[in-house]
Amino acid sequence: MTTRTLFRVFGGVAVACAVSFLSGSALLPARASDTQLRDSLDFFVSAMDLVQRNYYREVKASELTYGGFKGMCSALDPHSQFMDKAIYKEMKEETEGEFGGLGIEITMRDQFLTVVAAIEDTPAFKAGLQPGDRIVEIEGGSTKELSLVEAVRKLRGTPGTTVHITVMRPGKKEMLQFAITRANIQIQSIKDAGILMDKIGYVRITQFQEHTGRDFDKAMGELQKKGIQALVLDLRNNPGGLLQVAIEIADKFIGGDTLLVYTKGRVSSQNIEFRSHTKAAYPDIPVVVLVNKGSASGSEIVAGALQDLRRGVIVGSTSFGKGSVQSVLPLPDGSALRLTTAKYFTPKGRCIQKIGIAPDIAVTMSEEDEFKIQLKRRLEKMISESPRGTDVTAEKEEFKKLSRVRDLPLERATDLLQGLRAYTRVSHNGQKIQAQASTAGSSKTGVKDASTSAH
Amino acid sequence: MRKRNRISVWVTLPIVLLLLLRLHGIDVQAREGGIYKSLDTMCDVMDIIQRDYIEKVSSEKLVTDAVQGMLSSLDSYSHFAPAPEPTAGPSAGAPPKEACTYGLEVAYKDRLLTVVSPIEYAPAWKSGLKSGDIILKINDEATEDRPLFEFAHQLRSGAGKDITLQVARRGERDFIDVTITPGKIDGPAARSDMLDEKIGVLRISRFDKETAARTAECLKKLNAEKAHGLIVDLRDCPAGAVSSAIEVADLFLPAGELVTTLEGRAQGVSKEFKSNGKAIFKSGPFVVLINGGTSGAAEVLAGALQGGVNGILMGQRSFGCAFEEGSFTLKDGSMISMITAVYQTPYGLEIQAEGIDPDVEIPLPPVVLDIDEEEIPEKKAAEKKEKEEDKGKELDPMIRRAMDLIKGVRIVAREEEK
């Protein structure tokens with residue numbers, strides 16, 4: 001079937017087709033016979049020629065074609081994009097979650113390059129950089145004219161090399177000089193792992209990047225040592241990341257060679273089914289997944305799989321609804337295309353594009369409260385992690401003000417897990433309710449019962 | 001993967017060769033300057049998209065978007081207009097004449113659609129729009145990421161309809177809605193006044209057909225009043241006809257002085273403009289007031305006065321927008337507009353994008369947002385009223401500083417004469 005469609009699409013030139021079959025990739029369009037393509041290119045060349053001759057300053061041909069690629073890709077859909085070398089490199093670093101740097105989160109505030117936080121155990125943290133510090137010089141050059149991206153580029157570099165920065169600290173009259181040696185910084189995607197109460201564990205995944213699966217196991221290992229009996233998996237404001245890694249996370253909860261998600265594209269090579277391993281890492285632990293409208297893509301794959309397979313209860317508000325998969329296709333010159341190549345579907349065949357995952361139990365929170373929760377979390381961190389001797393009274397004041405803000409979805413999630421535990425205890429002891437075979441295979445049904453009762 | 005690339009080279013190369021043979025007018029330089037390689041990548045990219053993208057995309061669409069992307073990567077003014085549909089009416093033609101207008105110049109600054117300046121006495125100015133306002137919405141439609149030319153015409157010309165802009169203004173906590181009814185500009189392009197100590201002030205608010213003649217009248221009047229020293233106020237004076245600015249410069253500059261140079265790469269585009277020796281006002285010193293709303297023709301004049309009569313520029317860095325645009329029709333009837341040349345000051349400074357830095361910088365007052373004040377609207381209103389009353393009574397602080405500067409220069413000059 002596939003072959004037929006492709007032949008129809010691309011027409012003749014059997015040679016090209018045969019060769020590309022051999023090479024194992026998808027078909028090449030038969031360029032030599034494609035007069036439309038030739039005319040189109042002709043058109044682009046004449047436009048490019050006009051610009052090269054008439055534009056007021058000289059522009060390289062490569063600059064112009066790069067502009068062309070950008071235009072072509074971004075007109076396709078909001079998720080498709082042309083990445084030049086620098087952007088592609090940054091994207092790789094981001095998804096790999098590792099780069100040579102100082103270990104600070106920076107932002108542009110009041111036109112100053114400002115430190116948001118120094119990540120624990122990084123060179124910046126050890127050097128004593130503090131939230132609110134303004135970086136006014138990097139390697140003797142002023143940061144005044146730098147964009148955030150340019151500044152990040154200057155701060156990052158090969159681990160082991162040193163960067164000199166000048167910092168203006170609010171409340172200090174003199175500039176502070178720092179010489180900080182760059183190290184391999186790992187962006188943590190697993191955050192705030194801990195026990196909420198009563199043997200209920202909590203793990204937040206901020207995005208799905210290369211080491212997320214490994215780090216998740218590490219966090220879970222520690223929680224299990226502490227004897228957790230239930231888990232809140234917080235995927236709120238998780239924008240996604242690597243598809244494979246999201247699947248890896250879902251796989252940890254679902255065993256028995258079960259369909260987790262499948263993708264469908266125009267080309268058959270994009271039609272893939274992703275199934276779980278026979279043995280899941282955490283097949284039994286009751287799970288509540290928190291989602292909100294900031295949960296997208298990979299988060300929705302995890303939530304969708306757990307929901308469809310009745311392996312977890314979804315609590316919160318309807319997720320973002322990004323149901324497409326992007327592939328990164330590198331070009332020979334070091335740049336790359338990010339293209340939407342497929343749509344994905346939950347095990348039950350739901351396409352969540354623009355629809356999102358609706359929670360089993362809807363608990364909404366105002367945007368303002370959500371912001372306050374984030375602020376509270378950040379303040380808490382600043383207070384507990386700031387080096388000794390730093391003045392954190394202002395932060396403590398702020399924190400006190402926010403102490404009344406409640407994370408309602410999280411509270412509901414813990415309520416639910418507590419109730420669930422009581423319920424299954426009764427059902428096991430009294431033998432009143434039999435565990436039923438679940439679609440997921442090995443699930444012990446605590447959660448399954450809960451999800452039915454929740455409807 | 002590697003194999004595939006090699007194949008694509010084999011298939012692509014003949015096409016590219018064929019193409020280059022067919023095309024006329026590509027000069028040798030361009031051909032050797034990596035066009036081959038760029039086009040090969042172009043083929044690769046189109047190939048990948050057409051093969052792997054989730055939907056089928058025609059080559060035609062891809063290439064149209066590519067040309068658009070190529071031009072918008074140059075700057076925010078250059079653009080591509082696809083061939084008009086045969087049914088399209090006269091709306092695609094030239095914008096209506098300035099008889100009925102909003103009187104508003106906009107441009108992208110740091111990727112935000114910004115009011116360069118409302119033209120004095122024009123409807124936008126009367127409705128309270130300020131230079132530097134960031135336009136967030138036009139008639140409830142977000143302006144984000146839309147090409148400039150789409151609304152540049154819309155805002156400049158006005159098709160007889162009211163327009164509502166939502167703007168963010170420096171120092172204001174809330175967004176402001178401004179509704180503009182198109183109308184006429186009903187004030188003079190130039191006017192003058194005599195201040196203390198025989199210091200004249202000339203205000204030019206726009207550059208159009210009447211500007212040079214009006215300015216000449218003003219200068220004659222100041223001459224008659226024996227003005228000695230002149231403040232040329234070019235603040236919030238947006239783009240207009242550069243030819244008009246050159247005529248105005250002629251009223252000041254000694255014969256043969258460089259007014260401005262136009263620099264481009266195509267043949268016959270670059271030009272030097274020199275003054276024609278018809279100056280009518282020569283009694284300096286000159287102080288030229290500029291700010292972020294000084295743009296285009298006004299920037300050219302400011303540069304000319306700085307170079308030709310030692311004018312001292314005072315205020316804030318100008319907007320940075322002085323170019324000539326060329327339009328080129330492609331064979332399918334679509335059109336490319338791009339910057340073909342940019343104006344330079346006599347000192348060789350390119351005005352485009354950078355703007356002109358003042359000799360004497362007067363920083364804008366810092367913005368202080370006081371929460372308590374915000375909560376007492378009556379108090380705020382009272383203070384505002386007070387401020388406005390003050391304005392009526394007192395001289396603009398910038399003018400006062402310019403006067404001080406002229407007085408100072410006179411004293412030093414006299415010393416030197418001795």
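The values are calculated or read from the model by the stated rules, or taken from the named source; none is laboratory data. Values in this document were obtained by computation on a predicted structure and should not be read as measured data. Cβ coordinates were reconstructed from backbone atoms using ideal geometry, including for glycine residues, and neighbour counts include every protein chain displayed. Keep in mind that these areas ignore ligands, DNA and RNA; they rest on the heavy atoms of the full protein, side chains included. Shrake-Rupley method; radii C 1.70, N 1.55, O 1.52, S 1.80 Å.
Within region B:247-258, being in contact with a strand residue (DSSP E or B) (Cβ under 6 Å, 6 or more places away or on another chain) and open to solvent by less than 20 Å² (accessible area, probe 1.4 Å) holds for one residue alone: B:Ala249. The criterion of being assigned to a strand (DSSP E or B) and in the same structural domain as A:Ala303 (by TED's automatic domain parsing) holds for A:Gly201.
Against the definition (over 20 Å from B:Gly303 (Cα atoms) and at pLDDT 85 or above), how does B:Thr340 come out, yes or no? Answer is yes for this residue.
For (1) under 19 Å from the mean Cα position of the chain (by Cα); (2) at pLDDT below 90, each residue gets a yes or a no:
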{"position": "B:Phe175", "(1), (2)": "no, yes"}
{"position": "B:Lys184", "(1), (2)": "no, yes"}
{"position": "B:Arg191", "(1), (2)": "no, yes"}
{"position": "B:Lys198", "(1), (2)": "no, yes"}
{"position": "B:Arg206", "(1), (2)": "yes, yes"}
{"position": "B:Gly229", "(1), (2)": "no, yes"}
{"position": "B:Asp233", "(1), (2)": "yes, no"}
{"position": "B:Leu262", "(1), (2)": "yes, no"}
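Residues in region A:129-140 that are modelled with pLDDT of 85 or more, out of contact with any Lys or Arg (no Cβ under 8 Å at 6 or more places or on another chain) and of a type outside the set (A, V, I, L, M): A:Glu137, A:Gly140.
So, in region B:162-173, exactly how many residues are more than 12 Å from B:Ile135 (Cβ to Cβ) and either modelled with pLDDT of 85 or more or open to solvent by less than 90 Å² (accessible area, probe 1.4 Å) (or both)? Selection size over region B:162-173: 3. Scanning region A:220-247 for residues that are without any contact (Cβ under 8 Å) to a residue 40 or more places away in the chain and either in a loop (DSSP other than H, G, I, E, B) or crowded, with 21+ Cβ neighbours inside 10 Å (or both) turns up A:Lys226, A:Gly227. One residue is enough: does region B:245-263 have a residue meeting the conditions of a type in the set (A, V, I, L, M, F, W, C), in the same structural domain as B:Val342 (by TED's automatic domain parsing) and touching a Pro at 6+ places or on another chain (Cβ under 9 Å)? Checked against the condition, which is being of a type in the set (A, V, I, L, M, F, W, C), in the same structural domain as B:Val342 (by TED's automatic domain parsing) and touching a Pro at 6+ places or on another chain (Cβ under 9 Å), region B:245-263 yields at least one hit.
Taken together, the criteria place A:Gly356 among residues that are open to solvent by less than 30 Å² (accessible area, probe 1.4 Å), at positive phi, more than 14 Å from every other protein chain (Cβ to nearest Cβ) and at pLDDT 90 or above. If the condition is being within 15 Å of B:Thr294 (Cβ to Cβ), open to solvent by 20 Å² or more (accessible area, probe 1.4 Å) and of a type in the set (A, V, I, L, M), then region B:116-141 contributes only B:Ile119.
The rows are residues; the columns are (1) buried (at least 24 other Cβ atoms within 10 Å of the Cβ); (2) in contact with a helix residue (DSSP H, G or I) (Cβ under 9 Å, 6 or more places away or on another chain); (3) of a type in the set (Phe, Trp, Tyr); (4) closer than 30 Å to A:Ser80 by Cβ.
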residue	(1), (2), (3), (4)
A:Arg266	no, yes, no, yes
A:Glu273	no, no, no, yes
A:His277	no, yes, no, no
A:Asp284	no, yes, no, no
A:Val288	yes, yes, no, no
A:Gly298	yes, yes, no, yes
A:Leu306	yes, yes, no, yes
A:Ile314	yes, yes, no, yes
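A single entry from A:Glu93, A:Glu120 fulfils the requirement of being at pLDDT below 80, farther than 30 Å from A:Leu339 by Cβ, of a type in the set (Asp, Glu) and out of contact with any His (no Cβ under 6 Å at 6 or more places or on another chain): A:Glu120. Tell me yes or no: at least one residue of region B:192-200 is in a strand (DSSP E or B), open to solvent by less than 20 Å² (accessible area, probe 1.4 Å) and in the same structural domain as B:Thr114 (by TED's automatic domain parsing). No - not one qualifying residue is present in region B:192-200. Inside region A:335-353, can you point out the residues that are open to solvent by 30 Å² or more (accessible area, probe 1.4 Å) and within 13 Å of chain B (Cβ to nearest Cβ)? Within region A:335-353, A:Arg338, A:Lys343, A:Cys351, A:Gln353 meet the criteria. When B:Gly292 is tested against (1) among the small types (Gly, Ala, Ser); (2) open to solvent by 10 Å² or more (accessible area, probe 1.4 Å); (3) at positive phi, only condition (3) is not met.
Right, B:Ser327: free of Cβ contacts under 8 Å to residues at least 12 places away in the same chain and among the small types (Gly, Ala, Ser) or not? Yes: the conditions hold for B:Ser327.
Please determine whether any residue of region B:272-286 is over 22 Å from the mean Cα position of the chain (by Cα), farther than 30 Å from A:Phe43 by Cβ, in a strand (DSSP E or B) and touching a residue at least 40 places away in the same chain (Cβ under 8 Å). Yes, region B:272-286 has at least one match.
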